[in-house]
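> After the structure tokens below, expect a handful of questions from me.
The values are calculated or read from the model by the stated rules, or taken from the named source; none is laboratory data. Everything numeric here is computed off the predicted structure, so don't read it as measured data. Please note: Cβ atoms are built from the backbone with ideal geometry, for glycine as well, and neighbour counts cover all protein chains shown.
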Amino acid sequence: MMAAGQLPRWRWNSWYWNVPLAAVAGMVAILLLQANQPLFLGLNRLSAWTGEVFWADVTLLGDTLIVLTLCLPLVRRWPELVWAGLLAGLLATLFVHGLKHPLHLDRPVLVLPREQFHIIGKTYYALAFPSGHTATAFTFVGIVVLHLSAEWRRRLAAPLLALAGLIGLSRVVVGAHWPLDVLGGVACGWLAAVLGAFWARRWRWGGTRAGRGWLTLVLIGCALATLTAYRTGYPQADDWRRILALCCLGLAGYQLCVERWSSSRLKIQSDWL
């Protein structure tokens, strides 16, 4: 993959623009074919085959606080990766909310008769475009893919993109977003990942000892909030939320113990020499 604490050299390549261009092409096709509502209704019916819990669990992976919690086990070994992800997340937030509020597009519940589709979890009414959960998923996956070596990118890019795509699909299945919203989130998230990665190369605070320490503390706080007090709007996924938080906290605790043990062992060895 990538050596701990190391960022690859950047060269312009198709990975910077192929995903957002594909998303834009998809949006154009949907608009030309006037397929937004029919596609929504068709995809929304997927929960009839799988049940609600699966899609609630999947959509939870696009929640910003959940993604920050998932970064906790990575921050000790790949602090620059997490730092780039945080910077990219700030950009994604600006992109998403910079479009949501001026456009102020209605969500499906205000457009379609309620009996025509199924809603899982909380009902959302406005600020449809773009999908924030999808943008978050593609920001995180984009940062990971762009930081992988060429060999590991060939191995992992497809499954990572499939996971992010599944999270985007879940936003339609839970009845929260149109397909156009999801594709808009794909474009915003991936562009934020590209720009965030370049930004992190110029501002490397996250890779310093102080930066890594502060990032660890912040992410521990995120994991504790996820475990205890956070309300996602999807009660079907509460068990999944707690499992994710406990696993991330456990892995982080194990890493810290190993680091302390290793440093103590080195100190004892140096004292004997």
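> Return the total of residues in the stretch 53-86 being touching a residue at least 24 places away in the same chain (Cβ under 8 Å) and more than 14 Å from residue 167 (Cα to Cα).
Taking the stretch 53-86 first, the residues touching a residue at least 24 places away in the same chain (Cβ under 8 Å) are 53, 55-73, 75-86.
Going one step further and asking which of them are more than 14 Å from residue 167 (Cα to Cα), we end up with 65, 68-73, 75-86.
Qualifying residue count, the stretch 53-86: 19.
> Given (1) polar (S, T, N, Q); (2) under 22 Å from residue 197 (Cβ atoms); (3) at pLDDT 95 or above, identify the lone condition not met by residue 36.
Single failed check for residue 36: (2).
> Looking at the stretch 145-153, can you tell me whether even one residue there is among the acidic types (Asp, Glu) and at pLDDT 95 or above?
Filtering the stretch 145-153 for residues among the acidic types (Asp, Glu) gives 151.
With the extra rule that they be at pLDDT 95 or above, the set shrinks to none.
No: the stretch 145-153 contains no residue that is among the acidic types (Asp, Glu) and at pLDDT 95 or above.
> Among the residues of the stretch 224-240, which ones are in a helix (DSSP H, G or I) and over 13 Å from residue 64 (Cα atoms)?
224, 227, 228, 235, 236, 237, 238, 239, 240
> Of all helices (runs of 4 or more DSSP H) completely enclosed by the stretch 61-160, which ones contain at least 2 residues that are of a type outside the set (A, V, I, L, M, F, W, C) and farther than 30 Å from residue 38 by Cβ? Lay out the reasoning, then the answer.
Numbers: elements: 64-71, 79-103, 108-111, 132-147.
Those helices (runs of 4 or more DSSP H) span 64-71, 79-103.
> Pick from 184, 213, 221, 189: which is over 21 Å from the mean Cα position of the chain (by Cα), at pLDDT 90 or above and in a helix (DSSP H, G or I)?
213
> Restricting to the stretch 51-60, name every residue that is out of contact with any Leu (no Cβ under 7 Å at 6 or more places or on another chain) and part of a helix (DSSP H, G or I). It would help to see each step written out before you state the result.
Applying the first criterion (out of contact with any Leu (no Cβ under 7 Å at 6 or more places or on another chain)) to the stretch 51-60 yields 51-57, 59-60.
If the condition is that a residue be out of contact with any Leu (no Cβ under 7 Å at 6 or more places or on another chain) and part of a helix (DSSP H, G or I), then 52, 53, 54, 55, 56, 57, 59, 60 are the ones that fit.
> Starting from the stretch 22-41, take each residue that is free of Cβ contacts under 8 Å to residues at least 12 places away in the same chain and list its partners that are of a type in the set (Gly, Ala, Ser) and in a helix (DSSP H, G or I), counting only C-beta distances under 7 angstrom and pairs at least six apart or across chains.
none
Conditions tested, residue by residue: (1) surrounded by 24 or more Cβ atoms within 10 Å (Cβ to Cβ); (2) in contact with a Leu (Cβ under 7 Å, 6 or more places away or on another chain).
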| position | (1), (2) |
| --- | --- |
| 119 | no, no |
| 125 | no, yes |
| 136 | yes, no |
| 145 | no, yes |
| 154 | no, no |
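For every residue, the table says whether it meets (1) without any contact (Cβ under 8 Å) to a residue 24 or more places away in the chain; (2) surrounded by fewer than 24 Cβ atoms within 10 Å (Cβ to Cβ); (3) within 18 Å of residue 22 (Cβ to Cβ).
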position	(1), (2), (3)
149	no, yes, no
162	yes, yes, yes
170	no, no, no
176	no, no, no
182	no, no, yes
185	no, no, yes
193	no, no, yes
200	no, no, no
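> Say we look at the stretch 123-142 and pick out the residues that are among the hydroxyl-bearing types (Ser, Thr, Tyr) and touching a His at 6+ places or on another chain (Cβ under 9 Å); which of these is nearest to residue 176 (Cα to Cα)?
Step by step, filter the stretch 123-142, then rank; the result is 124.
> Is it fair to say residue 28 is modelled with pLDDT of 95 or more, of a type in the set (A, V, I, L, M) and touching a Ser or Thr at 6+ places or on another chain (Cβ under 6 Å)? Write out each step before concluding.
Values: modelled with pLDDT of 95 or more: yes; of a type in the set (A, V, I, L, M): yes; touching a Ser or Thr at 6+ places or on another chain (Cβ under 6 Å): no.
No, not satisfied.
> Also: Among residues belonging to the stretch 215-260 that are buried (at least 18 other Cβ atoms within 10 Å of the Cβ) and polar (S, T, N, Q), point out the one that is nearest to residue 174 (Cα to Cα).
Only one residue fits best here, namely 236.
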